[in-house]
Amino acid sequence: MNGNTSAFAHPYVRWAAALLMAPFFLQMLGFGQTFLGGGLCGELFGDETPLGLQGAGFWYAVVFMLLLGLQLMYGGFLLLARLLELPPSMERGVYGTGVGLVGFLTLLFLLTRTTGLPYPSPQGLAIGETAPADPLSLILVGCSVAGAALLLGLLRSSSPSENG
């Protein structure tokens, strides 16, 4: 390490990782249909409708479960990045990737809650209905946005001249 400050050593990196990993585990509350609602993926289980006849809510849940899984892996990578002794030049790209991932999740959340998105149906693509914005889904997206805000702060504080 040559006495230099190691990359990914700022305490905000661990906080951002925790905030980005939390939604995946909090979503488990939605599968139990608690008073908080179904969350982002509440319609994923419990329906015996054939796959070809599933409605928009099921397909939204599949997409959000994949995004929450990616977010979980990204948060785990942030926790391991310091142990991997990655070069400081990678910090900006890694932080930017996290901000982009959360931005994409937030954009899809807003679109599915306001206008609906196309989903596969037996007749081809159909425009889906809007999904409800329950308290759990707002908590999940709020945690993700808070983690992205920390990453954005780290991204702005690490100038390219420091890394390189």
Worksheet item: residue 121's amide H: which non-local residues (gap 5+, or another chain) put their own amide H closer than 5 Å, with H modeled 1.01 Å from N in plane and none for Pro or chain starts?
Response: 126
Item to complete: Just reorder 43, 91 by solvent-accessible area, largest first, 1.4 Å probe, all chains present.
Response: 43, 91
Item to complete: Obtain the nm distance between the two label points defined at residue 35 and residue 49 by a simple spin-label model: each point lies 7 Å from its Cα along the Cα-to-C-beta direction.
Response: 2.9
Worksheet item: Where does the charge balance sit around residue 128 when Lys and Arg score +1, Asp and Glu -1, over other residues with C-beta under 12 Å from its C-beta?
Response: -1
Worksheet, complete the sentence: Rounded to the nearest 10 Å², the 1.4 Å probe accessible area of residue 127 is 130
Worksheet item: With axes computed from alpha carbons, what is the tilt in degrees of helix 91-114 against the longest principal axis of the chain, rounded to the nearest 10 within 0 to 90?
Response: 20
Fill in: Residue-level accessible surface for residue 31, protein heavy atoms, 1.4 Å, Å²
60
Practice prompt. Please list 82, 92, 156 in order of solvent-accessible area, largest first, computed with a 1.4 Å probe with all protein chains present.
Written response: 156, 82, 92
Worksheet entry | Spin-label model distance (nm) - residue 149 vs residue 79, 7 Å beyond Cα toward Cβ | 2.3
Worksheet, complete the sentence: For the chain, the longest principal axis of the Cα atoms and the Cα long axis of helix 11-31 enclose an angle in degrees, to the nearest 10, of 20
Worksheet, complete the sentence: When the charge dipole of the chain is computed with +1 at the Cβ of Lys and Arg and -1 at the Cβ of Asp and Glu, the Cα pointing farthest to the positive end, of 13, 60, 49, is that of 13
Practice prompt. Can you tell me the 0 to 90 degree angle between the C-alpha axis of helix 135-157 and the longest principal axis of the chain, rounded to 10?
Written response: 20
Worksheet, complete the sentence: Counting only protein heavy atoms and rolling a 1.4 Å probe, one gets per residue an accessible area for the range 10-128 in Å² of 53
Worksheet item: On the accessible surface of the range 63-161, probed at 1.4 Å, how many percent belong to carbon and sulfur atoms?
Response: 73
Worksheet entry | Estimated [θ] at 222 nm from DSSP helical runs (n ≥ 4, -39500 (n - 2.57)) normalised by residues in the chain, nearest 500 | -20500 deg cm²/dmol
Worksheet item: So how do 134, 47 rank on accessible area, 1.4 Å probe, biggest first, that is with the largest at the start?
Response: 47, 134
Worksheet item: Roughly how many Å² of residue 65 are accessible to a 1.4 Å probe, to the nearest 10?
Response: 40
Worksheet, complete the sentence: Expressed in µm² per second, the diffusion coefficient of the chain from the Stokes-Einstein equation, with Rh the Kirkwood radius over alpha carbon pairs, at 10 °C and 1.306 mPa s, is 93
Worksheet entry | Table column - 3J(HN,Hα) (Hz), the range 69-78, Karplus curve with 6.51, -1.76, 1.60, x for Gly and Pro | x, 4, 5, 4, 5, 5, x, x, 5, 4
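The values are calculated or read from the model by the stated rules, or taken from the named source; none is laboratory data. Just so it is clear, the structure is predicted and the values come from calculations on it, not from any experiment. Counting neighbours? That spans all protein chains shown, and the Cβs are built from the backbone with ideal geometry, glycine included. Accessible surface areas use protein heavy atoms only, side chains included; no ligands, DNA or RNA. Shrake-Rupley method; radii C 1.70, N 1.55, O 1.52, S 1.80 Å.
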